[in-house]
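Quick notes on the structure that follows.
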Amino acid sequence: MKRWGGIWLIFLIVGMSLSTAFSSSQVIAASSDPYQEFWDILNREAELVVGIENGNLSLAPELIQNSRLGAENAANISALIWQALEELKASGVKTYYTAEELREMAQNISENGLPQETVDALKAQGWTDAQIRALEEYIVQNGANITEDFNMTAFLEEFSMAFISVAFKYNHYEAWALEKWKWTHPLKLQLGTKGR
């Protein structure tokens, strides 16, 4: 459990870096919030799959469409992550932190609180004052537990590729729905000769 004690700082760094990169990005996503769309599509996908597994094949056309939207959304998020990584590299933002650097950052936060620009960015993302205080308290309690370096470049590359895997899974469910809908119960052909 101590190994994961520093994960909050890693995600804070990633979140703040991606937030900065996304806000300065010139690319307009297909949706105003592709991340919220991701969860909406995923939740609907689960409902539709369960419905079809329970025998409601009339849901198959909706699952096929939802799966297509999910694959497109996941590929879009993957591209956004990759673009943010490229922008981080181009801007000179540090993407590799040693365990010692992470512990120093945690110590600084423990002594001085989160930097004001971080607080402002968190509030802009909808964090409440109580949530920000809870984060600071967590950092104070767990900052000394950081034992490993963090390579944000590798993390974001793998994160981007994970969304590509999600897109392929949506493609799998699209094919599965089509198979269930059209091939599991094919129409029986009337064989015989005409005119009898």
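Before moving on, here are some points about what is shown:
- For first residues located in segment 138-161 and closer than 30 Å to residue 83 by Cβ, partners that are open to solvent by 40 Å² or more (accessible area, probe 1.4 Å) and part of a helix (DSSP H, G or I) and lie 6+ apart or on another chain with Cβ distances below 7 Å form the pairs 139/110; 146/103; 160/82.
- Against the conditions (1) open to solvent by 90 Å² or more (accessible area, probe 1.4 Å); (2) more than 19 Å from the chain's Cα centre (by Cα); (3) touching a residue at least 12 places away in the same chain (Cβ under 8 Å), residue 133 satisfies every one except (3).
- Residue 122 being without any contact (Cβ under 8 Å) to a residue 24 or more places away in the chain, open to solvent by less than 20 Å² (accessible area, probe 1.4 Å) and either touching a Gly at 6+ places or on another chain (Cβ under 8 Å) or assigned by the TED database to the domain that holds residue 138 (or both): yes
- Checking residue 97 against (1) surrounded by fewer than 16 Cβ atoms within 10 Å (Cβ to Cβ); (2) farther than 23 Å from residue 39 by Cβ, the condition it does not meet: (1)
- Pairs, first part of a helix (DSSP H, G or I) in segment 37-50, second open to solvent by 60 Å² or more (accessible area, probe 1.4 Å), C-beta under 8 Å, six or more apart: 41/69; 45/173; 48/62; 49/173
- Some residue of segment 147-159 being among the small types (Gly, Ala, Ser) and not assigned by the TED database to the domain that holds residue 45: yes
- Pairs, first on the phi > 0 side of the Ramachandran plot in segment 96-119, second open to solvent by less than 50 Å² (accessible area, probe 1.4 Å) and acidic (Asp, Glu), C-beta under 9 Å, six or more apart: 113/136
- Selection within segment 128-185 - under 29 Å from residue 98 (Cα atoms) and not in a helix (DSSP H, G or I): 146, 147, 148, 149, 150, 151
- Matching residues, segment 136-175, being among the acidic types (Asp, Glu), open to solvent by 60 Å² or more (accessible area, probe 1.4 Å) and touching a Ser or Thr at 6+ places or on another chain (Cβ under 8 Å): 149
- Selection status of residue 72, of a type in the set (D, E, K, R), open to solvent by less than 80 Å² (accessible area, probe 1.4 Å), touching a residue at least 40 places away in the same chain (Cβ under 8 Å) and closer than 26 Å to residue 33 by Cβ: no
The values are calculated or read from the model by the stated rules, or taken from the named source; none is laboratory data. Small disclaimer: the values here were computed from a predicted structure and weren't measured. In this analysis, Cβ positions are derived from the backbone assuming ideal geometry, glycine residues included, and neighbour counts consider all displayed protein chains. All accessible areas refer to the heavy atoms of the entire protein, side chains included, with ligands and DNA or RNA removed. Shrake-Rupley method; radii C 1.70, N 1.55, O 1.52, S 1.80 Å.
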